[in-house]
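For reference, the structure is listed below as structure tokens.
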């Protein structure tokens, strides 16, 4: 091989890849309008993005999987912890994370900024991003749950409890989150019907409840199964 | 050292080394944040986010200083002429340092653009751009006036221009988060898997040519093929960052296919290093510089090639995306490809600038092996933590903090390895600043 051939390899390699890349960039710009629901990109969403950058949230949290890995991904944060959950964590992180071995700084975010941030996160949560992250996927996790039921022999409700984010806040036998109460003995105080009612609309039972409604997060069948499972814990 | 103006490189290297030390100290603090519970009162004033901004910006700053110093060392020998203006080179060094330090102090007071790795506020971005233009002007004029065109110069200049152009995409505010990330990667990915690879490949080719004595014709032939493959796989390979951001689905194909080929140019680099070493025409004067060259090629292949390959397939990346697996890859790749490349350049150029033909390398050897082993261990422990995270959080669907609980031990081990790394680095820095001629072999 001569140096001249080597040079042509360089030139053709670079140009062909650049051509693919630039064409795809052009097409992506076009398609992102639909994929990200750019029509719903209001000024409030943009204000939320500015607040997100002002407090450097992204150097601890990831969003769409990019950023710091020190704190949970925020792509589906509205679906996961609800608007009240976001407000509580931003307002009083010292209380929200009192039992956690990892803390969040209190940055004295204003009420207006919190409202903007929630608008921003709500918009992000709807981006059509090939069903990521997996633990929030409606398709994949139910398959995973089915697999658990079939192979490990756990009840459908237990599978829902493990795979649908309940353990972000609640724990069983010491495993799980510390936001909500541990549920090891929940069946001793509440029946399946009461639990079912509570998870569908926590505020209807306890107006001060911090837990978001799970109606959008889980299907009716999943809600019934998880209530039935929790009622057996005595 | 053949030209007087090459001496400016020394001050770039001397500025880079303490920043590297500070970067690693910050890294240890980050690891401590993962391992221990930091009290709320400290978190409120100096959160993880600020420390991370320090860690990553220091990395970019010291490596760019290293590249620029390397360029100022190489360009006179390649063009057979003095640098166009050493005054501009001094101005630009000071401008970059002042901007960097201002940015870091600003982070402490919350002055930030708030985008990971691109935290530097827009006002300072413009100073960076001016500095970069001065640098490119200085290097460009040197090359232009000398008219001794070589492929090494061309690649180096091309890489530096590409690097500066891409930086512009990181400056504006993007309303749409998807578009924001799309162009964020033009800076981050196209830097490390495009522009920086060009700079690295040309510096590497230069040093290799000098220490092995292999003909320029052969070295530059390999260089063309390598950078051709780097850009062929690297440009469209940017797609492996576009799987889950809300970009069209075909990126899974583009990203998957082109990234799968990304280890090839690095493999070629290892092969041609081995080839040059075998066919060498020159005597080995400084064994440690050789060790660095080979270590750089090998660690580059492991960190960037193998570790990158392991999780760029969409089917795997779906679970590992945004986890400590990325951190493992990031550390091994940056260390292997860019930290070792810079240190190799320092070990090649600094003795020459000081007029030492053969240097005493006993301390330097300890530094090299300590750093490489410590970083390898860190790569593995970050990796274990990342696999645990992917499995517990993404596959089992348990909470984020549940996974972090299981990972804590591994982050602790990482921190211990980090202490060793710092030890190795301090040894290396002390060695580089106190280079002495080797005693004549008995």
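Coordinate-derived values only; no laboratory data. Keep in mind the model is a prediction, meaning the values are calculated, not measured. Note that we place each Cβ from the backbone using ideal geometry, even for glycine, and neighbour counts take in every protein chain shown.
Normalised by the residues of chain B, what does the relative contact order come to in percent, with Cα pairs under 8 Å and at least six apart?
16
Measuring from the lowest to the highest alpha carbon on each principal axis, how far does chain A reach, largest first, in angstroms?
For chain A, the Cα spread along each principal axis is 81, 48, 36 Å.
Please find the FRET efficiency linking residue B:148 to residue A:31, where r is the Cβ-Cβ separation and R0 is fixed at 45 Å, and quote it to the nearest 0.05.
0.40
With axes computed from alpha carbons, what is the tilt in degrees of helix B:216-237 against the longest principal axis of chain B, rounded to the nearest 10 within 0 to 90?
20
For segment B:177-238, what is Rg from Cα atoms divided by 2.2 N^0.38 Å, rounded to two decimals?
Compared with the compact-globule rule of thumb, segment B:177-238 sits at 1.39.
Return the inverse of the average 1/r over all pairs of distinct C-alpha atoms in segment A:167-234, which is the Kirkwood hydrodynamic radius, in Å to one decimal.
It is 12.1 Å.
Taking every residue in A:176-187, how many Cβ atoms of other protein chains lie within 10 Å of its Cβ, on average?
If you average over the peptide's residues, the count of other-chain Cβ atoms is 1.
Over the alpha-carbon set of segment B:47-89, work out the extent along each principal axis and list the three values in angstrom, largest first.
Principal extents (largest minus smallest coordinate, Cα): 50, 19, 7 Å.
Based on other C-beta atoms within 10 Å, arrange B:241, B:55 from fewest to most.
With the sparsest Cβ surroundings first, the list reads B:55, B:241.
Relative to the first principal axis of the alpha-carbon coordinates of chain B, what is the inclination of helix B:324-333, with its axis defined by its Cα atoms, in degrees from 0 to 90 and to the nearest 10?
Compared with the principal axis, the helix lies near 0 degrees.
Considering Cα pairs under 8 angstrom that are at least six residues apart, work out the relative contact order of segment B:13-74 and quote it in whole percent.
In percent, rounded to a whole number, it is 59.
Other chains' Cβ within 10 Å of B:46-57 residues: what's the mean?
If you average over the peptide's residues, the count of other-chain Cβ atoms is 5.
If all Cα-Cα distances of segment B:52-125 are sorted into 10 Å bins from 0 onward, what percent lands in each bin, rounded to whole numbers?
Bin by bin from 0 Å, the calculated values are 18, 43, 24, 13, 2.
Using only the alpha carbon atoms of the protein assembly as shown, find the Kirkwood hydrodynamic radius as the inverse mean reciprocal pair distance, in angstroms to one decimal.
One decimal place: 26.6 Å for the Kirkwood radius.
How would you classify segment B:7-75 from its alpha-carbon gyration tensor, with a ≥ b ≥ c the square roots of the eigenvalues: rounded for a/c under 1.5, else prolate if a/b is greater than b/c, otherwise oblate?
Prolate, since a/c reaches 1.5 and a/b exceeds b/c.
Which translational diffusion coefficient, to the nearest whole µm²/s, is obtained for chain B from the Stokes-Einstein equation, given a Kirkwood hydrodynamic radius over C-alpha pairs, 25 °C and 0.890 mPa s?
109
What would the Debye formula give as log10 I(q)/I(0) at q = 0.25 Å⁻¹ for the alpha-carbon point model of segment B:180-280, no solvent?
For segment B:180-280, the Cα-only Debye profile gives -1.23.
With angles folded into 0 to 90 degrees, how steeply does helix B:151-167 sit against the dominant principal axis of chain B? Use alpha carbons for both and round to 10.
Rounded to the nearest ten degrees, it is 30.
Using helices alone, I'd like the mean residue ellipticity at 222 nm for chain A: each DSSP H run of four-plus residues gives -39500 (n - 2.57), total over residue count, nearest 500.
-17000 deg cm²/dmol
Using every alpha carbon pair in segment B:290-442, what percent of pairs falls into each 10 Å bin from 0 up to the bin containing the largest distance?
11, 34, 27, 16, 8, 3, 0
Hey, what's the Kirkwood Rh for segment B:224-264 if you take every pair of different alpha carbons, in angstrom?
For segment B:224-264, the Kirkwood estimate is 10.2 Å.
Starting with the fewest neighbours, write out B:118, B:168, B:65 ranked by other beta-carbon atoms found within 10 Å of each beta-carbon.
B:168, B:118, B:65
When Cβ neighbours within 10 Å are restricted to other protein chains, what is their mean count per residue of peptide A:119-129?
Neighbouring Cβ atoms belonging to other protein chains average 2 per residue here.
Using alpha-carbon positions, what is the distance between the centroids of segment B:252-299 and segment A:5-44, in Å?
Cα centroid to Cα centroid, the span is 30 Å.
What do the square roots of 5 times the Cα gyration tensor eigenvalues come to for segment B:317-398, in whole Å, largest first, as semi-axes of the equivalent ellipsoid?
Rounded to whole Å, the semi-axes are 39, 12, 5.
Ratio of Rg to Rh for segment A:1-79, alpha carbon only, Kirkwood?
Using Cα coordinates only, the ratio equals 1.24.
Roughly how many nanometres apart are two label points built 7 Å out from the Cα toward the Cβ at residue B:274 and residue B:25?
Label at residue B:274, label at residue B:25, 4.1 nm between them.
Estimate the FRET efficiency between residue A:92 and residue B:80 by the formula 1/(1 + (r/R0)^6), using the beta-carbon distance for r and 41 Å for R0, to the nearest 0.05.
0.05
Kindly state, to the nearest 0.05, the FRET efficiency for residue B:264 paired with residue A:189, given R0 = 60 Å and r defined as their beta-carbon distance.
0.45
What's the exposure ranking of B:180, A:39, going from fewest to most Cβ atoms within 10 Å?
Exposure proxy ranking, most exposed first: A:39, B:180.
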